[in-house]
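The values are calculated or read from the model by the stated rules, or taken from the named source; none is laboratory data. Keep in mind it's a predicted model, so treat the numbers as computed, not measured. Here the Cβ is made from the backbone with ideal geometry for all residues, glycine too, and neighbour counts use every protein chain on show. Only protein heavy atoms, including side chains, enter the accessible area calculation; ligands, DNA and RNA are left aside. Shrake-Rupley method; radii C 1.70, N 1.55, O 1.52, S 1.80 Å.
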2 protein chains.
Amino acid sequence: MTSAEGTRVSRRKLFGLAGAGVALAGAGAAAGIGIDKATGSAEAAVNTVEFEGEHQAGIVTPAQANLHFAALDVTTKDREKLRQLLKTWTDAARRMTAGQEVVPNGAVGSGDYAPPGDTGEALDLPASHLTLTIGFGPSLFDGRFGLAGKRPPQLIDLPLFPKDKLDPARGGGDLCIQACADDPQVAVHAVRNLVRLGFGVTEVRWSQLGFGRSSSTSRAQQTPRNLFGFKDGTNNIKSEDTDFLRDQVWATAADGQAWMAGGSYLVARRIRMHIETWDRETLDGQQRIVGRTKGTGAPLGQTAEFDELDLDVGGAGGEKVIAEDAHVRLASHQALNGVRILRRGYNFVDGSDGVGHLEAGLFFLAFNRDTRKQYVPMQQALSAKDAMMEYVQHTGSAHFAVPPGVSKTGYWGDGLFA
Amino acid sequence: MTSAEGTRVSRRKLFGLAGAGVALAGAGAAAGIGIDKATGSAEAAVNTVEFEGEHQAGIVTPAQANLHFAALDVTTKDREKLRQLLKTWTDAARRMTAGQEVVPNGAVGSGDYAPPGDTGEALDLPASHLTLTIGFGPSLFDGRFGLAGKRPPQLIDLPLFPKDKLDPARGGGDLCIQACADDPQVAVHAVRNLVRLGFGVTEVRWSQLGFGRSSSTSRAQQTPRNLFGFKDGTNNIKSEDTDFLRDQVWATAADGQAWMAGGSYLVARRIRMHIETWDRETLDGQQRIVGRTKGTGAPLGQTAEFDELDLDVGGAGGEKVIAEDAHVRLASHQALNGVRILRRGYNFVDGSDGVGHLEAGLFFLAFNRDTRKQYVPMQQALSAKDAMMEYVQHTGSAHFAVPPGVSKTGYWGDGLFA
């Protein structure tokens, strides 16, 4: 150990206090300032989201700007190893969401002759509102772990929808980790360290980075735009909509599996958007397909973004202003017997497609109480009739049961393994 | 056009003034507030980087947090079309870097029956310190455009280095666009709109997103960490190093091609990092490979990050503290006869590799005055001897001549086409 390390402080904590935007003239300036990382709930309150609670964080939490999502397969058949990993993950998540290293003094203090307990790339970064949310895929309940009797009826194998072009390498998974943060490096660090802790028990099946959250989940946020340039998620269920959350997002014990009470069901769909084709469509055409104006986001026939959608407004010639195949009509609760979902997706660009285009789109994430009654009928309507389907292609699909939040002494999925 | 659009204001400008962090309770609240987008150098000064100048922005500009890099091929053989596109791109870049739409009122005001002149996804976002930097690949000088005689001698076809595993789909390109911004959506929007303007003249060959800038380019920035968890680029040439910039970054007319005076040469290397293997290495091993301590970033044998590297410090048993195959030794100006480069790379995670790992690494970008004398000998030393090579793999490679900055009335590459 060098002398410099002897005086090392928790720079991560220090910078967390200073704020992400503060540039320091040489990190060496921090040396010698002692902050005890073991104390300090005051530090922990800076840019952090509470980890424990009735529900997992990362669902109604105001959507952070960046996402790293990973689906994993369990490579052992040892139920106890899986259970232990979930405990280990919970401990690590508690610490990382508080802006701490995976283990105390993890990156540089775990002994020179052992691999570091934290990979280190987030050392200088604040907590960045990191949330970590996990889910269990249908395949986890296939019998390997004695969980077949615990599979919730809502956790269906998603049907193949019309026009799906699913890549198996971008779908499924025994487990998922959703990491959201203000800083992509913090989200990547969190997933990478959970994956590292899972060596020998799990491995990455697929992963997806996203940016520019494609829906807001709080009325305090402005509605973001997707890569079609339109505001997206105006009518999303938001954290303030407590009635909708109760009725349409949170599972209850009466829904079939008591261990899922307070949990939810997460649908993940990788939607490639053919942005080059879209960009050649006229403004009028784009607006007809979406059913909203591009500038304000107002429903066609209305004047402001949050004006209520009126599907019956007539236009010139007696045709409806919002077309029968407009996206907003088919996805609306008015057309779906009141069904709503909580969307939490992100935009993505994954390089290029090899034939001259950007590989861009929307990584759709939605939480609902019963996928059979909410996401599935919605997507059936969209995939069969939505005019937008000409410009998009669903290339990845996965479904997860997201267990409830953990108590101060609990761990992710403790109810499932009880 | 709906009535809402009649009162539409430049929300992008408005939000730019309000600051990126300000959440507005419903964008509808902005309606009715008139800000003239045609005026307002005051607005333009918020979160913007000057586009014009002796050198292109995006080289010594303090590195922004996010990158979208695209390499393009020219699909026409018409020199004039290419020249016109560069003029069109310059106009668009002037506007976008000022926080404006590609064309005035582009996303929603270009007439309902024409494709929008701006794709719209950055409408509500501030300029976010966007910089756009372009370069010309060796293949642009192959004779299709009458430019063979203008090829700078420094713009070599890069040699194959030991251990390169290059994917042709991730290398080369007639042109490149480097977009850097505080917000990934702003960088993606900029590249996407330049690509769109190039329909029929260029198409995307490959593109790469990056985050967490892997080097700082100003002493006002703290040194960031790469995905090995180490501070990276401590000894980078920075914007304050005017002598190094003059000697080692900026091309002059005397270098061989007068049109390149004030320009530079950009090497782009996609470096896959085997982070899972790295994570199993001991702290001591990691530090020996890098030649620096993980915590402070101090060179081994020194105490603080910016302490000068001393390659001759002896350790126990007479061995040098900084090993003969340590990365920092081989890449140092001390070992390379004073050669330095200006690095401006970014970390990346591109999903997973299909065999259980994250597809993660460093998208290395470096500017130098003469790639033959700077990057090539440096990479030859590294690829042959660097202990780190066991953990990395170069999977993409490209080289570009980055022309000088443009004047108020000029356009990108005007000297080349004069």
Exercise for the section: Could you figure out which of (1) farther than 27 Å from B:Gly172 by Cβ; (2) within 28 Å of the chain's Cα centre (by Cα); (3) open to solvent by less than 20 Å² (accessible area, probe 1.4 Å) isn't true of B:Gly356? Expected result: (2)
Handout entry: Exclusive hit being more than 18 Å from B:Phe244 (Cα to Cα), in contact (Cβ under 8 Å) with a residue 60 or more places away in the chain and in a loop (DSSP other than H, G, I, E, B), set B:Ala384, B:Ala323, B:Ala304
Key = B:Ala323
Practice task
Evaluate region B:166-176: report whether one residue or more is aliphatic (A, V, I, L, M) and within 14 Å of chain A (Cβ to nearest Cβ).
Solution key: yes
Practice task
Considering each of A:Gly351, A:Gly317, A:Gly338 in turn, give the residue that is without any contact (Cβ under 8 Å) to a residue 12 or more places away in the chain, away from chain B (no Cβ under 14 Å), of a type outside the set (A, V, I, L, M, F, W, C) and in contact with a helix residue (DSSP H, G or I) (Cβ under 9 Å, 6 or more places away or on another chain).
Solution key: A:Gly338
Fill in the blank from the handout: Within region B:365-380, of all residues that are open to solvent by 20 Å² or more (accessible area, probe 1.4 Å) and out of contact with any Phe, Trp or Tyr (no Cβ under 8 Å at 6 or more places or on another chain), the one nearest to B:Leu266 (Cα to Cα) is B:Arg372
Handout entry: Residue in region A:252-261 that is farther than 23 Å from A:Gln380 by Cα, more than 24 Å from the chain's Cα centre (by Cα) and crowded, with 17+ Cβ neighbours inside 10 Å present
Key = no
Fill in the blank from the handout: Of those in region A:195-225 that are part of a loop (DSSP other than H, G, I, E, B) and at the interface with chain B (Cβ under 7 Å from one of its Cβ atoms), the residue least open to solvent (accessible area, probe 1.4 Å) is A:Thr223
Exercise for the section: Would you check if there is a residue in region B:333-346 being within 19 Å of the chain's Cα centre (by Cα), open to solvent by less than 20 Å² (accessible area, probe 1.4 Å) and charged (D, E, K, R)? Expected result: yes
Practice task
Might you check whether a residue that is within 9 Å of chain A (Cβ to nearest Cβ), open to solvent by 60 Å² or more (accessible area, probe 1.4 Å) and modelled with pLDDT under 95 occurs anywhere in region B:30-53?
Solution key: yes
Fill in the blank from the handout: Over region B:396-414, the set of residues surrounded by fewer than 19 Cβ atoms within 10 Å (Cβ to Cβ) and not in a loop (DSSP other than H, G, I, E, B) is B:Asp414
Completion exercise
Of the candidates B:Arg280, B:Arg288, the one satisfying the condition of being of a type in the set (D, E, K, R), open to solvent by 10 Å² or more (accessible area, probe 1.4 Å), within 13 Å of chain A (Cβ to nearest Cβ) and without any contact (Cβ under 8 Å) to a residue 12 or more places away in the chain is B:Arg280
Practice task
Quick one: in region A:100-139, of everything that is more than 19 Å from the chain's Cα centre (by Cα) and on the phi > 0 side of the Ramachandran plot, which residue is most open to solvent (accessible area, probe 1.4 Å)?
Solution key: A:Asn105
Exercise for the section: Restrict the check to region B:231-248 and report whether at least one residue is under 14 Å from B:Asn347 (Cα atoms), within 12 Å of chain A (Cβ to nearest Cβ) and either free of Cβ contacts under 8 Å to residues at least 12 places away in the same chain or surrounded by 19 or more Cβ atoms within 10 Å (Cβ to Cβ) (or both). Expected result: yes
Exercise for the section: Quick one: which residue in A:Asp167, A:Asp182, A:Asp174 is surrounded by fewer than 16 Cβ atoms within 10 Å (Cβ to Cβ), of a type in the set (Asp, Glu) and in contact with a strand residue (DSSP E or B) (Cβ under 8 Å, 6 or more places away or on another chain)? Expected result: A:Asp167
Handout entry: Total residues in region B:118-144, condition in contact (Cβ under 8 Å) with a residue 24 or more places away in the chain and more than 10 Å from chain A (Cβ to nearest Cβ)
Key = 16
Completion exercise
Condition set more than 8 Å from chain B (Cβ to nearest Cβ) and in contact with a helix residue (DSSP H, G or I) (Cβ under 7 Å, 6 or more places away or on another chain), scope region A:295-312, selection modelled with the highest pLDDT: answer is A:Pro299
Fill in the blank from the handout: Only unsatisfied item for B:Pro115, checking (1) within 13 Å of chain A (Cβ to nearest Cβ); (2) farther than 23 Å from A:Ala298 by Cβ, is (2)
Fill in the blank from the handout: The number of residues in region B:145-164 that are buried (at least 17 other Cβ atoms within 10 Å of the Cβ), aliphatic (A, V, I, L, M) and either touching a His at 6+ places or on another chain (Cβ under 9 Å) or under 20 Å from B:Gly396 (Cα atoms) (or both) is 2
